[in-house]
Every structure is written in structure tokens, then in C-alpha cells.
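Visitor: The structure follows.
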Amino acid sequence: MIPGKERPWLKNYAPGVRPRLDYPEMPLYRFLDDAVAGYPEAVAAVFFGTELTYRSLGNMVDKMAGVLAGMGVKKGDRVAIMLPNCPQLVVSYYGVLKAGAVVVMTNPMYMEKEITHQLNDAGAETIIVLDLLYSRVQNVRESTALKNVIVVSLFPGTSVPDNTIGFDELINQAEPEPPQVKIEPKVDPALLQYTGGTTGVAKGAMLTHYNLVVNTIQCKEVTGGNFQPGEEKILEVVPLFHVYGMTAGMNLAVAVAGAQILIPRFEIDWVLQAINDCRPTIFPGAPTIYIAVLNHPKVGEYDISSIKFCISGSASLPVEVAAQFEKLTGGKLVEGYGLTEASPVVAVNPLFGVRKPGSIGQPVPDTDCCIVDLETGEKELPAGETGELIVRGPQVMKGYWNMPEETALTLRNGWLYTGDIARMDEDGYIFIVDRKKDLIIAGGFNIYPRDVEEVLYEHPGVAEAAVIGVPDEYRGETVKAFVVLKEGETAAAEEIIAFCRERLAAYKVPRIVEFREQLPKTIIGKVLRRVLMEEEEAKRQAAPGG
């Protein structure tokens, strides 16, 4: 058991200084009901020039809940949603919750094998899917338990496939009569969010209504109360089927009756045009998104001065990128940290307080973070020492769906073991060093890819970079860097290596540099080091004597 000692960040929330937050035990959809009641004519969503008010959104959500109940969807049933960012996703999400069911977000990039696994693991009998993606669902329909398929068409008048139901037809004909379902917020899951976790096995994190309500309020709090209800606009280019976009985008927007500016996929020209035209005030994103903004050759032609603040998640934010982005926009860009199992936000750098470069900041309200030894995970380490980051708080998941062994490995003695290597300073600021599985050991030295990548991003010609360990006969492993150059820039491997040698200890300097046109990424822009490792392994196997 980790000893509970005084945490330096708790002084900000101690009785008499700043009370701990009061989290209502309510269904997650109550945020929407409150927005509809308080700001019915405020804009709830903007999608390529079309606006939807909160009154209209609330009406459509009630209809969707009633439709699902009429199809036989009951409390606790799992309903899959396979949509890009669009108003229909927002309607479906809150409609499923209001019907008492559990949302299963399904990545639109999933192919048949992945879809089959997720639907069967979740036991989903209903799916809401984009018409352009339906063929994949059709191909696996007989190998799943699917009974109801609701098809969304983004273009009016589009016919839907046989044996499916059209979203627009349902909404247009239904009466807004949602079922009356009693929700126990701390017990009932609102979401099964699938994650690879630390083992690579797809697992459904059970996030309750309370988990998600808490994390939404925590996100709201870390801004220092700088939201104007009914007036904020959140640019949502991070996918809403990802828990970061869901909480820090959609749920947060609804909680403050803000407008969601919905971008269905990341296209830098769409993003810049939306900022220019729609004037968003909040721009959650990932480092690669901000890098793309900075590197756009015509960024100066767009007015992006409306942005007040951005919180970067999903991957480490290079210090140089944050500095350049703030200079360009006049807004604030800070790094945060989270993981699916924590709804997801765990820590954020203060927007209006002390920010420490390279840090993910301090824990959000009512959240404890601790660094423990890598060997046993039971010894709390003092400030400055490196170990595994563990977390506890009211936003931590209930457990993994139907995976008690995995749950027991991840949730221990009330703590969530993140699998991330970190250190914490005396002020409670956390510095993520790397993933445990990404650690490079060369000649007995521990090398964290992030340390090397930070230096690579300082090179004036580098747009993107990723570092992995590759086998080395002498050192065990050595450092290989993958580099994407900025448009119009040139550089040789020797130049990159020399640049690093001036700034890093000798054992950290990349010995191999490979230039790429692009790096493999998740749909939210997180660089997939795992894919790079797999590619390297395939090359070794294919080589003579491999």
C-alpha cells in the first residue's frame, strides 16, 4: 500500500483556502438538459456552415432516446457508434445515454476484424454507423449479435442500404418522448471505451456517468473559471470517438452551453478556415495538429487570434512547439496528460499560473498522483526520482469490461497504474519521461525517447521526429531517429547527429537517422512508435541471416 503523505498541490484545494469540488451525482446527459433549459437559443453545433441550437439538439436527443427504446434497447445494453465528428454523433451519444444504454465508441478507421472483436466483446446489438462505412459492418453482421443498424448520411436525400434504418427518417418521424430510466451515476457505466492499455490487448474501460461528470467538471475547473456560459466556441478536430475529444471537447462544450465547431477529419486547410470563419475560443488538440498549423505555408493569411487557450493531449508537447504557437496566436497552449482509464484527464499545466517547460503540470482537482519504484510498484519515491506514475481520483474507471485479471493488474489498492515513467518535483509538477515499454537501454544506460525528440524538434529544419531503440551487437540497443523535414528544408543525417551531439549526452545521440515523408500516427495524431518498431523488426527478419 502506498503511504498517503501530504501532496504539495493539495494546498490549492485545502479547506479554508479553496474547497474541494462538489461533484453532483447525476447522469452525464444532465449537462445537456441544463444547457437546453438555460440557453435554448444558443448555438450548440456548427458543421460546415450549418448551425444547430440547444433547443433543436435537445429535441433530437429525446427523439433518439425514444427511438432506441422502441427498438428494444434497455438499460445497460451496449450501443456502438461509428461516426466521424458530426452533429449526428452528438445526438446519438446523448440519445444512447438517455435511453439508459452504454455507448461503445467505434473508430471509423476500424476494419472488419477490429469491428468484429469490439462488437462481440461489448455484446452490442445496435450500431449507429456512417453510410460510407456500412460495407464493413455489413461484412461482419452475421458474425456478430447485431440486430439494429442505424445508418447516418451526411448528405440529405441519400438512400440507405437494405436491412438498415435511416437516421434522418427516424428523427423526423419520432416524437420526443425519451424513456424514464433511473441511472445510478456511480454504478452504471455510460461508456465502454476501448484501449490497448499497457499490454496491447484491446480492453473496454468502463467509465461511469459519475466518472465522466467529474472529469468534465475538473476540465472546467483547471481553466480558472474562464468560461462564459452560452458564449464559448470549442473547435473539435480531435475525434469525439476518442475519450480526450469526448471529454475535453464535446462534454465540456455541453457543460458550458458552448458551441461545438465540428471537423469530421483533420485537414489543416479545413482547420484554419474554421478558425478564421467561426472564431473558436478553445482549441483542444494534439502536438501534431499544432505543428501542422505552425508549418502551414499560408498560416499568415488566416485570422487565428480568437483562440484563448489550447490544451494539448495524447502525446508529449515539444517545448519549442508551444512557444511558437503562443507567439503566433496570442493564446495559451499548455500540455496536459490523461489516459482512457481516467476519463481521461489527470494533470494539466496551469493556464494562468506557473508553467514549467516539459511538464504536464499538476494533478487536476481531487486527484492524487504518486511516483513508485519500477520493480515492485509499492515504494513511493521522493521528489526528483524516476519511476512509474500511479493515479487515484473520482474520474478513475470502474474496471475493464469482462476482464477481472487485467483490472486487478491495473487497479491496485485504489491506485491506477499508468505504465508511464515519470518524475515529480517538490511543487507537485509531473514530468513524463516515457512509456515503460518505450524505454531504450543502450550500454547499460536508460534512454527515454522523449529526451531525444525534444532536441530534434529544436532543429530549425525538423517538422516531426520520433525515436526508437534498435538492436546493436555492442550496446544491446542503440538510438534511431525518424525525421520529417519542414517543406523546402534539406538536411543530412550527419547534420542531425551533429546537432544532437552538441545538446545531448553521448549515449543518447542517435546513431541512425532515417528521413520520412510522414510518420505513422493514430487518428488523433499520436505518433505510433510501435509501428516503427514493427517495421524495423520486419526489415531485420527479411535481411540475409535475419
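Values in this text are rule-based calculations from the coordinates and carry no lab data. Keep in mind it's a predicted model, so treat the numbers as computed, not measured. Every residue, glycine as well, gets a Cβ built from its backbone with ideal geometry; the counts of neighbours run over all protein chains shown.
Visitor: Got the relative contact order for the chain handy, in percent, Cα pairs under 8 Å and 6 or more residues apart?
Guide: It comes to 11 percent, rounded to a whole number.
Visitor: Which cross-chain or sequence-distant (5 or more) residues have an amide H under 5 Å from the amide H of residue 399, H modelled 1.01 Å from N in plane?
Guide: Sorted by chain and number, the residues that satisfy this are 206.
Visitor: So for the chain: antiparallel DSSP bridges make up what percent, rounded to the nearest 5? Each step should come with its number before you reach the end.
Guide: Values: 49 of 83 bridges.
Here the antiparallel bridges make up roughly 60 percent for the chain.
Visitor: Sticking with this one: Evaluate the charge dipole of the chain about its Cα centre and quote only its size in Debye, nearest 20, assuming +1 on the Cβ of each Lys and Arg and -1 on the Cβ of each Asp and Glu.
Guide: The calculated dipole for the chain is roughly 620 debye.
Visitor: What are the semi-axes of the equivalent ellipsoid of the chain, taken as the square roots of 5 times the eigenvalues of the Cα gyration tensor, listed largest first and rounded to whole Å?
Guide: For the chain, the ellipsoid semi-axes come out as 37, 27, 25 Å.
Visitor: Further question on the same structure: Given a cut-off of 30 Å, name the pairs among 63/113; 508/539; 327/521 whose C-alpha atoms lie farther apart than that in the structure shown.
Guide: 63/113
Visitor: Across the range 204-209, in residue order, what do the Karplus-derived ³J(HN,Hα) couplings come to in whole Hz, using 6.51 cos²θ - 1.76 cosθ + 1.60 with θ = phi - 60° and x for Gly and Pro?
Guide: x, 6, 8, 10, 7, 3
Visitor: List the aspartates and glutamates whose Cα sits under 18 Å from the Cα of residue 233, skipping any in the same chain fewer than 8 residues away.
Guide: In chain and number order, the partners are 34, 41, 51, 221, 277, 303.
Visitor: Per residue of the range 81-93, what does 6.51 cos²θ - 1.76 cosθ + 1.60 with θ = phi - 60° give for ³J(HN,Hα)? Whole Hz please, x for Gly and Pro, Karplus curve as stated.
Guide: 10, 10, 9, x, 5, 6, x, 5, 5, 4, 4, 5, 4
Visitor: Any idea what the relative contact order of the range 440-542 is, in percent, if you count C-alpha pairs under 8 Å spaced at least 6 apart?
Guide: 26
Visitor: Quick one: length gained pulling residue 426 to residue 385 fully straight, 0.36 nm per residue minus the C-alpha distance?
Guide: Roughly 13.7 nm would be gained on extension.
Visitor: For the chain, what does the helix formula give at 222 nm: sum of -39500 (n - 2.57) over DSSP H segments with n ≥ 4, over the residue count, nearest 500 deg cm²/dmol?
Guide: Dividing the helical sum by the residues of the chain leaves -8000 deg cm²/dmol.
Visitor: For residue 462, list long-range residues whose amide hydrogen, built 1.01 Å from N in the peptide plane, is under 5 Å from its own amide hydrogen.
Guide: 486
Visitor: In the chain, if the dipole is taken from +1 on Lys/Arg beta carbons and -1 on Asp/Glu beta carbons about the Cα centre, which of 397, 48, 351 is farthest to the positive end?
Guide: Of the listed residues, the answer is 397.
Visitor: What ranking do 194, 507, 417 get, fewest neighbouring Cβ atoms within 10 angstrom at the top?
Guide: 507, 417, 194
Visitor: Using amide H atoms built 1.01 Å from N in the peptide plane, name the residues 5+ places from residue 309, or on other chains, whose amide H lies under 5 Å from its own.
Guide: 283, 332
Visitor: For the range 440-542, build the charge dipole from Cβ charges (+1 Lys, Arg; -1 Asp, Glu) around the Cα centre, then report which of 522, 505, 482 sits farthest towards its positive end.
Guide: Sorting the options by dipole projection puts first 522.
Visitor: Would you mind ranking 431, 31, 47 so that the residue whose beta carbon has the fewest other beta carbons within 10 Å leads the list?
Guide: 47, 431, 31
Visitor: Oh, and also: Taking the Kirkwood radius as the inverse of the mean 1/r across Cα pairs, report the Rg/Rh of the range 440-542.
Guide: Ratio of gyration radius to Kirkwood radius for the range 440-542: 0.95.
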